[in-house]
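*Asks:* Dropping a structure here in structure tokens format, bear with me for questions.
The values are calculated or read from the model by the stated rules, or taken from the named source; none is laboratory data. All figures in this text were calculated on a predicted structure; none of them were measured in a lab. Heads up, the Cβs are rebuilt from the backbone with ideal geometry, glycines too, and the neighbour counts pull from every protein chain shown.
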Amino acid sequence: MATRRGVNVYLISHDETAVLVDSGTPDMAKPLLKSMSSEPALTDLKLSDVVLTHGHYDHAGGAADIASSSGATVWAHPAEGDLLRRGEWRRDTAASPTLHGRLLTALVANRYPDRLTPIREVQQIADIIPIANGLRAHHLPGHALGQLAIEWKASDGKTTIFAGDVFMDLFGPREPILYEDRLVGLRSISALADLAKTADRIALGHGGPLEVTEALLRKIRQLSNP
Ligand SMILES: [Zn+2]
Ligand SMILES: [Zn+2]
């Protein structure tokens with residue numbers, strides 16, 4: 001996992017290949033590529049794919065540069081791919097009606113540029129992404145129209161759900177800072193709690209990762225019912 005200014009990018013390895021889950025903001029592309037070519041644990045891996053949980057600036061911003069430098073295939077939900085191919089990411093959003101939502105939307109999200117480097121080719125994600133032994137994608141819209149939770153079973157048998165911004169961890173589980181549709185997003189938070197019952201870990205776009213416990217599932221369900 002790499003983190004910069006509160007944005008997480010994850011690397012999963014399978015045999016000799018590496019897959020990035022999300023790509024960070026545009027300025028994260030160079031440091032990510034550099035650590036892949038210089039860190040001893042990573043230099044034997046070939047970066048094959050970048051899987052985007054959704055198309056927002058802080059998750060898809062680095063993907064164009066990473067793909068053109070490494071030849072990696074970029075994957076996203078069709079609703080996000082159409083925007084990203086045009087170099088766009090913003091739709092109509094509203095800050096979640098919470099203190100952290102209003103503050104961070106004004107101070108961070110609203111200050112991101114409206115455009116990012118167009119991603120020439122984006123593969124459409126259906127239920128199963130045929131890489132890393134099969135990643136399962138679950139459509140959990142609301143924060144973003146094409147928001148996905150990506151389920152990955154590692155070779156040690158542990159299951160991680162990469163949940164992007166379905167919710168965030170800011171000194172505990174919190175609603176995402178903004179929504180494209182809050183009612184839909186709250187239902188997706190509840191759906192994620194159901195999905196996570198059989199998982200070991202939830203890896204988020206911001207904060208975490210979180211070990212799945214009964215107490216955590218309860219807190220996530222509470223979030224979905226403010
Ligand atoms: Zn987002
Ligand atoms: Zn985010």
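*Asks:* Cβ contacts < 7 Å: first residue without any contact (Cβ under 8 Å) to a residue 40 or more places away in the chain, restricted to segment 175-194; second residue part of a helix (DSSP H, G or I) and among the charged types (D, E, K, R), any location; separation 6+ or different chain. Result?
*Replies:* S190/R221; A193/R221
*Asks:* Please go through segment 123-156 and give me each residue that is within 16 Å of ligand 1 (Cβ to nearest atom) and either assigned to a loop (DSSP other than H, G, I, E, B) or of a type in the set (G, A, S) (or both), ordered by number.
*Replies:* Selection gives L140, P141, G142, H143, A144, L145, G146, Q147, A149.
*Asks:* Restricting attention to segment 205-226, which residues are in contact with a Pro (Cβ under 9 Å, 6 or more places away or on another chain) and on the phi < 0 side of the Ramachandran plot?
*Replies:* If the condition is that a residue be in contact with a Pro (Cβ under 9 Å, 6 or more places away or on another chain) and on the phi < 0 side of the Ramachandran plot, then G205, H206, L210, L216, K219, I220, Q222, L223, P226 are the ones that fit.
*Asks:* Additional query: Restricting to segment 97-122, name every residue that is surrounded by fewer than 17 Cβ atoms within 10 Å (Cβ to Cβ) and part of a strand (DSSP E or B).
*Replies:* Answer for segment 97-122, where residues must be surrounded by fewer than 17 Cβ atoms within 10 Å (Cβ to Cβ) and part of a strand (DSSP E or B): just R115.
*Asks:* Does segment 61-89 hold any residues that are part of a helix (DSSP H, G or I) and among the small types (G, A, S), and which are they?
*Replies:* A63, A64, A67, S68, S69, S70, A79, G81
*Asks:* I'm trying to understand the selection: among the residues of segment 161-182, which are away from ligand 2 (no atom under 15 Å from the Cβ) and in a loop (DSSP other than H, G, I, E, B)?
*Replies:* F171, G172, D181
*Asks:* Sort out which residues of segment 7-59 are more than 16 Å from ligand 2 (Cβ to nearest atom) and charged (D, E, K, R), and write them in order of number.
*Replies:* D15, E16, K30, K34, E39, D44, K46, D49, listed by residue number.
Rundown of residues vs (1) more than 16 Å from ligand 1 (Cβ to nearest atom); (2) within 17 Å of the chain's Cα centre (by Cα); (3) at pLDDT below 95, yes/no style:
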residue: S188; (1), (2), (3): no, yes, no
residue: L195; (1), (2), (3): yes, yes, no
residue: L204; (1), (2), (3): no, yes, no
residue: L217; (1), (2), (3): yes, no, no
